[in-house]
Ligand code: GLN
Ligand code: ZN
């Protein structure tokens, strides 16, 4: 039996890579210094895994920005707009220019597009392909890093995204071809890489093909057959570990099992039934091994050894231990680095800490699982590691910290009327028109106003105890009041308080909800040097006290205009946290929904007539396989409705969504039944609205009229054009006027100018209609 790691976090336990990259970009350290930091991280990671005695230690899992971009550079798929820059710059600077764009004296190139890596919160740089795309071995990073590890005495398993998945991850930049057609052009570069690695005595190569977990066309599926047969023909001695993760092979199983590879890696956390499917199918060739991904690479919970050992035993009984590898479910880049660095007993109490494992601890888990699998039953029971694991997991099942019978009873007692407003939208609308008295094309914003360095410094000082609660609150009040006054002067119809008291739209709520805790150093790479530190939902969620009422009430007291209450919705809170694995996600989401519902009801009681429940993450929660969508959408929509339905008809519920496409989920968006939805729209020139129009979306809608990601101030004429476009497809009495998203990343100067233009655009629309 062997242990097999798919990838180790590359940000460094103390985010060394982030810090060094940002210093390099700011011109404060040299390329050599940055390269040294990278080398140190790799060396540390390899040594750590070698010391733990991992059998298959990955290399080329390191990246200065993104592993997909690394591969794009490796195979020389460099878009034309960077060719000039490539001539006069180092390949490191070319690489960063592709990732981040580059603006220097005479050169100005935009970055490549970025998108989510499957259903994770990691973002990769999307390869761009042209019809006559040429590939060549442009960078030897994978070979260099294999040699680098060899030089310190560690033989690694180079990791590479497989050719089919690489092409599918990309985008066609011109018409008239499908990117999978480029396979013949791409494969020779892969052969060259494998040739070079073989010449250096590489034994195992991991090829990641996560697209095997998705719904594929026949053409895409047969590409796998072609590629892996060719590789096998040319490199019969290389041991190819074909890694699939994030879901089952599904209908691709038969194709996959026929591929001539050395080992299949299975994500048994996401899909534990596939082991049975494979063993029972009788289609696994007798010389092929299975890498059992039993340790969750995407969450922070300690493994359940009892459960994992059962799975491993089943596989060993069927195949023999020589054909089994023990692994994390996917690369550990989706886990924080090291639980040992969590020393704050107040937030992460020893009781909670014993339930957790980060990347370093997960490496240990696969090692211990291998040892325990090789021991007889009595030795297992005597093993101290086993005992500790059982105790921790038992404790978690019964801990008072986790289980709150009131919350469970409340969820169990949800009735059919709890997720329904009192009246249907048409009736609510009449009441709201009377109660709110808003003009046509009402103007509003999405919630946040600029989070200036000053505002952030208040929070930092408050946390450090350098500001008293009173002093901090006074400052936030002043900022809020100034923002209300600005909105009044500008003539905005529905005001917001500005969200100055919030660090982050999920953390702010997590800090006030029971069942959540926070790590000090639990960073996970989101993209490039950006890391996120998701809250940890460890127990039943409830809301001990109102969370936002004080600030909304304060803001409303300042003005006769309506001030929108501002909340984050249950699906988004769930999606952007580490979620417990001892109950279905839907259950946790429902608990959060009830907590938000209480807040909505309290806001209404405090006189807030318009309440926005942000759900930007609804779409990203969609499962990878289409056949699972309906189930997810059912509970996600229901959770939103539960959170929104405790109020009277004359209270107007808004929701907001950004970075979304709505084509295939418009029915569910309509089912959410928010009185008003605001969406990001300006960059698509209102095209996103077409699906609402075709669907005859009945409720009100605010298509974003300007892009908040850019400091550029749009003119009212531009916005009028967009609003005219919107009016052509949506009845005017259903339309709102607002920016694409919150303004927290913008400066005040541009924000003020842009909103003045926006109000002018709305006024012009009112007079011309
Ligand atoms: N209300 C939040 C804000 O304005 C919404 C953020 C988001 O959609 N991502 O910042
Ligand atoms: Zn948004």
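Every number here is computed from the coordinates shown, using simple stated rules; none is lab data. Since we're looking at a predicted model, the values are computed, not measured. Neighbour counts run over all protein chains shown; Cβ positions are idealised from the backbone, glycine included.
Observations
- Annotation: Cα Rg of the stretch 435-768 relative to the compact-globule expectation 2.2 N^0.38 Å equals 0.96.
- Listing 769, 326, 679 from fewest to most neighbouring C-beta atoms within 10 Å gives 769, 679, 326.
- Against the rule of thumb 2.2 N^0.38 Å, how large the Cα Rg of the stretch 330-456 comes out: 1.87
- Peptides 592-603, 108-119, 28-39 ranked from most to least packed give 592-603, 108-119, 28-39, packing being the mean of other C-beta atoms within 10 angstrom over each peptide's residues.
- As a proxy for reagent exposure, ranking 345, 474 by other Cβ atoms within 10 Å from fewest up yields 345, 474.
- Relative contact order for the stretch 2-397, counting Cα pairs under 8 Å that sit 6 or more residues apart, in percent: 16 percent
- Per-peptide average of other Cβ atoms within 10 Å, ordering 433-445, 632-644 highest first: 632-644, 433-445
- Relative intensity, log₁₀ I(q)/I(0), of the stretch 582-708 from a Debye sum that treats every alpha carbon as a point, q = 0.17, 0.21 Å⁻¹: -0.93, -1.28
- Secondary-structure-derived ellipticity at 222 nm for the chain, considering helices only, amounts to -13500 deg cm²/dmol, per-run term -39500 (n - 2.57) for DSSP H runs with n ≥ 4.
- Length-normalised contact order of the chain in % [C-alpha pairs under 8 Å, at least 6 apart]: 11 percent
- Antiparallel bridge percentage (DSSP; both residues within the chain; nearest 5): 20 percent
- When you restrict to C-alpha pairs under 8 Å that are six or more residues apart and normalise by the size of the stretch 285-333, the relative contact order lands at 62 percent.
- Gyration tensor (alpha-carbon) shape descriptor, the stretch 2-397, a/c threshold 1.5: oblate
- Kirkwood Rh (inverse of mean 1/r, distinct Cα pairs), the stretch 492-649, angstrom: 16.5 Å
- Sorted ascending by nearby beta carbons within 10 Å, beginning with the fewest, 47, 656 become 47, 656.
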